[in-house]
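Structure record follows, encoded as structure tokens.
Values quoted throughout were computed directly from the atomic coordinates according to the rules given, and no laboratory measurement underlies them. This structure is a prediction, so every number in the text was calculated from the model and none was measured. Methodologically, a virtual Cβ is constructed for each residue, glycine included, from the backbone with ideal geometry; neighbour enumeration extends over all protein chains shown.
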Amino acid sequence: MLFDCTALVMGLTAAVMSRWKATRIFSFGYGRVEVLSGFINGLFLVVIALTVFTAALSRIIDPPPINTERLLTVSVAGLMVNLIGIFAFRHAHAHAHGGRQCQSHGHSHNQPSHGHNHSHGHGHGHSHGAPQEHAKHNTNMQGVFLHILADTLGSVGVIVSSILIDQFGLLIADPVCSIFIASMIFISVLPLLKEASLILLQRTPTDLEPKLVEGFDKILTLEGVLSYRNQHFWEHSADKHTGTLHVQVMPEVSEQKIIAQITAIFKEIGVSNFTVQVEKEAYFQHMSGLSSNFDEVLDMTRKMQALHRHTHNAADNIKAI
């Protein structure tokens, strides 16, 4: 009961905090609080399942006598309350998803070039918008729901074991039902723990991986784009995918045009918070004097120069034909 009450309070608190506005310190907002709440609730359920399982194992060899007087009535009443809670929870959760409206806006920033021994250009673009596809289920709400479901399974187990003990005197029914319920709770919570763990570890969302590959291929087909690097994409919360990317471009291309094109590609994929940095060849020449890893930067610069020469040669051959 203590774990259940704690889980409900934690889930409610996380749901409220996730709607807080971003601050200077928490610039990404508080959406990740729901993921953390779902993970902790999942751990609570694992503790409950293991506790029930070990207690049942100690009773299965020598089942103690159980007084089932009024136990069946109380368990039926508890089952009805839990079923009402499940249906109310599912209805409210579905209504919240159905009533969510999509909003999007975008803006971009261009960092001016600075005068040094070597000039360089930066471009930064940001887009913020709700993904066009349906958001994944909320780990916080899933954790709360699994707690209610665990209570429901517990009521069912008490009802079944009470009937078997009253009618047939099978005292072993109580530990057997407890083991079964504990196993079901443990199995049902594993997907929640896996999903929450992957989000907290900032793994690239599995549902985005094929689309990201297509997006990278589209980037390389853009006029003036030489290559890309430092691609990082992760799921910040249930309805927000975030990503950053560096692209290397030819000196004569428009940074703002590249930013707009790449931003549109990833906005279509469903990355709601995206940043792209445009880097030109002169930028790498300047950074080579500042970077501690000179060889790596120099090698990248040589590759870009070779690719640039190859592109110009191909263009000259086409003109000659």
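Key figures for this structure:
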{"read-out": "Derived scalar couplings ³J(HN,Hα) [segment 149-159; Karplus, 6.51 cos²θ - 1.76 cosθ + 1.60; whole Hz; x for Gly, Pro]", "value": "5, 5, 4, 5, 4, x, 5, 4, x, 5, 4"}
{"read-out": "Subset of Lys240/Lys280; Lys194/Lys267; Lys21/Lys211; Lys21/Lys218; Lys218/Lys267; Lys257/Lys280 violating a 23 Å alpha-carbon distance limit", "value": "Lys240/Lys280; Lys194/Lys267; Lys21/Lys211; Lys21/Lys218"}
{"read-out": "Simple spin-label estimate for Thr73 and Arg19 in nanometres, 7 Å along Cα-Cβ", "value": "4.1 nm"}
{"read-out": "Gyration tensor verdict on segment 1-69 (Cα atoms; rounded if a/c is under 1.5, prolate if a/b is larger than b/c, oblate otherwise)", "value": "prolate"}
